[in-house]
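The values are calculated or read from the model by the stated rules, or taken from the named source; none is laboratory data. Note that the structure is a prediction, hence the values are computed from the model and not measured. Neighbour counts run over all protein chains shown; Cβ positions are idealised from the backbone, glycine included.
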Amino acid sequence: MNLHAIRAIYLFEMARSWRTLSQSLLAPVISTSLYFVVFGAAIGNRITEVQGVSYGAFIVPGLIMLSLLMQSVTNASFGIYFPRFTGTIYEVLSAPLSYLEITFSYVAAAATKSIVLGLIILATATLFVPMRIDHPVWMLMFLVLTALTFSLFGFIIGIWADGFEKLQLVPLLIITPLTFLGGSFYSIDMLPPFWQTVTLFNPVVYLVSGFRWSFYSIADVHVGISLGMTLVFLAICLGVVTWMFKTGYRLKA
């Protein structure tokens, strides 16, 4: 494994984030704070508790997951699309690097940014509501696995997209609605039986449920199923990335 090259790409991607610090960290934190103000004040006055947890504390895992998914996809997709747009991707492809090393470099950088952001949002949340983390190891595991999985998904989008508009298409029209409808701000037990069944087809439900369980030991879906679904999606993304590099899909054209 070419650790020197992996480190070079990783540090380059991280340096790009520090140059746009306000966009990378400050803007998502401000947006999340607004969610606390709006949902905590407006809805929290009407829904005091959900499954024994105050509503303000209940939505914390969902807010972190919302930002984590969006930032993972956005960071990874822009990270690989920009070299394609400028033509510098051919220098990377011609270097003595395997496709796994290239993928790992970009995905690790995108996941690192998302994890740092998630931890910052978690720290910000403590300023608004009292909260606890019953299973900190599981919390970190879900945080890392979700960041890696959706950074891989964003990497796929960055290769698939042939314009800046398509980079925004999937996060805005697919990821955001699925997250809002995936139990980020409510428990699916509050839905009618028919819609509870429909909601279980939303993959984000399993991510949010497992992550919330690590905080309060409550979940809409068993934590083992949540972990399994996350690993399945990770495996699918790895398979798609492998196929893209082996076939040269939109990389060698």
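Remarks
- Residues of the stretch 155-181 satisfying the condition of being in contact (Cβ under 8 Å) with a residue 40 or more places away in the chain and closer than 11 Å to residue 70 by Cα: 170, 171, 175, 176, 179
- Considered as a group, the residues in the stretch 183-198 that are free of Cβ contacts under 8 Å to residues at least 40 places away in the same chain and assigned to a loop (DSSP other than H, G, I, E, B) include one that is farthest from residue 153 (Cα to Cα), and that residue is 192.
- Single unsatisfied condition, residue 139 versus (1) in a helix (DSSP H, G or I); (2) at pLDDT below 90; (3) crowded, with 18+ Cβ neighbours inside 10 Å: (2)
- Residues in the stretch 170-214 that are hydroxyl-bearing (Ser, Thr, Tyr) and closer than 18 Å to residue 233 by Cα: 176, 179, 199, 206, 209.
- Considering the stretch 201-225, the residues that are within 19 Å of the chain's Cα centre (by Cα) and surrounded by fewer than 17 Cβ atoms within 10 Å (Cβ to Cβ) include one that is farthest from residue 159 (Cα to Cα), namely 225.
- The residues in the stretch 46-102 that are surrounded by 15 or more Cβ atoms within 10 Å (Cβ to Cβ) and either in a loop (DSSP other than H, G, I, E, B) or touching a Lys or Arg at 6+ places or on another chain (Cβ under 6 Å) (or both) can be counted, and the count is 5.
- Cross-chain or 6+ apart pairs with Cβ under 6 Å, the stretch 92-105 first and under 10 Å from residue 1 (Cα atoms), then of a type in the set (Val, Ile, Thr): 101/6
- Answer residue from the stretch 152-182, given it is more than 22 Å from residue 86 (Cα to Cα) and not in a helix (DSSP H, G or I) and is farthest from the chain's Cα centre (by Cα) among those: 181
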